[in-house]
1. From the phi of every residue in the stretch 82-94, what ³J(HN,Hα) in whole Hz does the Karplus formula 6.51 cos²θ - 1.76 cosθ + 1.60 yield, where θ is phi - 60° and glycine or proline is x?
2. Take the alpha carbon atoms of the stretch 129-171, find their center, do the same for the stretch 501-546, and report the distance between the two centers in whole angstrom.
3. How much length would be gained if the chain were fully extended between ALA371 and LYS69, taking 0.36 nm per residue of separation minus their Cα-Cα distance, in nm to one decimal?
4. Project the alpha carbons of the stretch 2-266 onto their principal axes and report the range along each, largest first, in whole Å.
5. May I have the extent of the alpha carbons of the chain along their three principal axes, as whole Å values ordered from largest to smallest?
6. Charges at C-beta only: +1 for Lys and Arg, -1 for Asp and Glu. How large is the resulting dipole of the chain about its Cα centre, in Debye rounded to 20?
7. Near HIS332, within a Cβ-to-Cβ distance under 14 Å, what is the net charge of the other residues, with Lys and Arg +1 and Asp and Glu -1?
8. Considering every Cα-Cα pair within the stretch 361-578, what fraction, in whole percent, is farther apart than 32 Å?
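All of the numbers you see were taken from the coordinates with simple rules; none came from a lab. Since we're looking at a predicted model, the values are computed, not measured. Backbone-built Cβ (ideal geometry, glycine too); neighbour counts: all protein chains shown.
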Amino acid sequence: MQQLARQGFTHVSINGLGVHEPFESGPPGDVYSWFYDYSPDLDQFVPSALLKDYYPQDYLDANLGFLKKNAALARKYGLVPGLHINSPRSMPETFWEKYAFLRGARIDHPRESFRPRYTLAMAHPVTQQHYRALVRNIMAEVPEIGFMHLWTNDSGAGFEFVSSLYAGRNGGPYLIREWKNDQEIARAAGKNVLTYYHLLRDEARKVNQDFRLVCDLGPFAAERPTIIEGLGNGIDAGRFGYFEFPDKEEEQQQLEAVGALRHATLDLTTGNVIGAPFPRLVYERLQQAYSQGIRHILAHVAPNSLAPYDINGEVLSAVQRRADSSLEFILHDCAQHWVGEPHAEALIRLWETSDAAMRSFPKGVPYATFAFPWFRLWVRPFVPNIDAIPESDRAYYERFLVATFNNPNRIDLNNDMMWNFLTVAEAEEKRDILDTKTLCLLSEAIGASATLVGKFSPDSREHAVFQDQHDRLVAFRCFSATLRNTVAWIASVHGYGQASEPAVKKTYRAKVQEMIDHELENTKTLFTLWRSSKTDFMAVSTIGETAHCYGGNFGELLQKKIALMERHRNDDPFIDAKYMWRMPEDTGVH
């Protein structure tokens with residue numbers, strides 16, 4: 001919190017769970033409950049009459065206690081506390097045994113769920129009363145809540161009849177009858193969304209007149225025009241990711257006409273490698289947003305407790321203080337402060353090279369952002385035939401793999417059920433860019449930083465800074481190399497399977513072996529870094545491994561990956577095209 005205040009932030013999200021696991025669960029093999037452990041909705045903190053006794057009181061107490069603790073910390077440093085919620089979220093399964101008639105939309109993802117999840121029918125007065133009570137109760141506990149940032153139609157949340165629901169348009173009986181055309185459905189669905197938005201704002205403003213609701217428009221397509229008409233007066237437009245802000249000038253004008261502020265989300269750090277430096281890109285993103293008239297930014301930053309020499313965060317701080325700050329001045333000022341004038345230019349060159357590597361990273365590489373830990377790429381073996389590895393040997397990483405037992409992703413890095421990511425040609429193109437640009441630039445920066453580390457005594461400030469940057473660059477290269485080998489796996493294994501001529505198959509088989517050699521070397525480098533580095537270059541869960549975060553056993557998992565790759569590297573390349581139709585072994589049905 002102190003860091004955020006220093007860097008110029010004014011608001012902060014405070015709603016995490018106060019327990020290790022969410023209340024939501026699922027049947028064996030269901031992975032959808034894993035998406036309930038972040039951005040918890042209002043009902044995870046306070047009760048309502050409708051939900052009485054459905055959540056354990058000690059569960060609610062722990063979550064609320066954590067919320068109030070974070071709110072107090074925000075207040076201490078002059079920050080406005082708020083909530084980032086996935087909402088409206090589904091209700092407990094036992095709730096529907098009594099209130100089936102209040103069932104609204106099915107909002108889970110059929111690809112990841114073995115049990116349908118449903119939200120309440122928003123048009124029903126009892127539902128609206130329930131949500132008003134939740135807002136009243138949470139504002140009574142934390143009256144200084146100044147905003148809610150709402151993401152929906154994903155991660156256990158959603159609205160009835162909107163076009164982006166994973167299960168398709170669906171909902172309860174109170175909103176619109178059957179056999180209406182698409183335009184009528186979209187209009188009704190959009191108005192229903194606005195009912196909820198207005199409810200949240202109006203109820204919260206009874207306690208805090210300055211309350212604002214930031215609504216991501218990314219989940220809406222057909223309903224978007226209707227929703228925009230009802231924004232404004234404290235209901236603003238935001239976005240979940242850097243890729244979702246409306247870029248049509250007409251839409252921006254509509255938002256301005258209704259008085260809705262625009263909140264732009266900027267990627268100013270990397271979630272998979274903490275503190276990877278790309279200061280010029282950060283500066284350009286901030287300047288571009290400012291030149292477009294955007295004055296409200298949503299962003300994540302690397303904690304200084306984990307990344308004490310985070311140049312990206314320093315650029316953000318400087319631009320927050322003065323928008324026309326010179327990047328060259330910012331970089332030189334930080335470098336001089338951290339390593340002294342004689343070595344400042346050397347540190348700046350490292351940052352510039354790393355920045356160039358980040359820019360060179362090709363678009364469209366699968367798993368390159370938040371999905372990277374979900375699919376366990378750092379710890380799963382890259383072999384010619386993943387299915388040839390016994391399931392018992394794969395269990396160490398499949399335990400937290402976001403893929404059900406019959407999801408082809410378990411044996412095909414190019415597939416996530418109905419998604420096929422790249423063609424062989426596309427994968428080869430991205431592999432070549434990573435080889436000739438990204439990895440080369442990172443190797444250059446790593447070599448330079450290693451030389452600089454060797455110039456100073458281990459107890460010096462200069463050594464600490466250059467060692468920190470070196471380790472983050474190595475981690476960034478390991479991350480990039482694993483993604484390089486992901487697209488190389490796609491190109492070589494799929495290329496082998498698609499080839500009909502023996503000579504072509506032989507070529508692709510050689511490419512498979514090259515990919516294996518590359519990833520083995522990369523994994524060994526990562527293991528050495530994990531074992532020897534004192535730098536916090538990646539997020540590590542203190543409560544054990546989860547789908548979103550590796551745990552303290554990361555090194556053991558890397559060793560298992562290496563052993564399996566060496567054991568199975570000479571298997572024939574193969575992908576079972578019918579994997580999706582497999583039945584569990586214990587059913588006796590095949």
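1. Per-residue couplings from phi come out as x, 10, 10, 10, 8, 7, x, 8, 5, 9, x, 4, 5 Hz.
2. So the two Cα centres are separated by 40 Å.
3. Roughly 105.7 nm would be gained on extension.
4. Projected onto the principal axes, the Cα atoms of the stretch 2-266 cover 55, 47, 34 Å.
5. 68, 66, 48
6. Using Cβ point charges on Lys, Arg, Asp and Glu, the chain gives about 560 debye.
7. Working: positive: ARG280, ARG349; negative: GLU314, GLU328, ASP333, GLU341, GLU345, GLU352.
Local charge sum for HIS332: -4.
8. Working: 4516 of 23653 pairs.
In whole percent, the long-distance tail amounts to 19.
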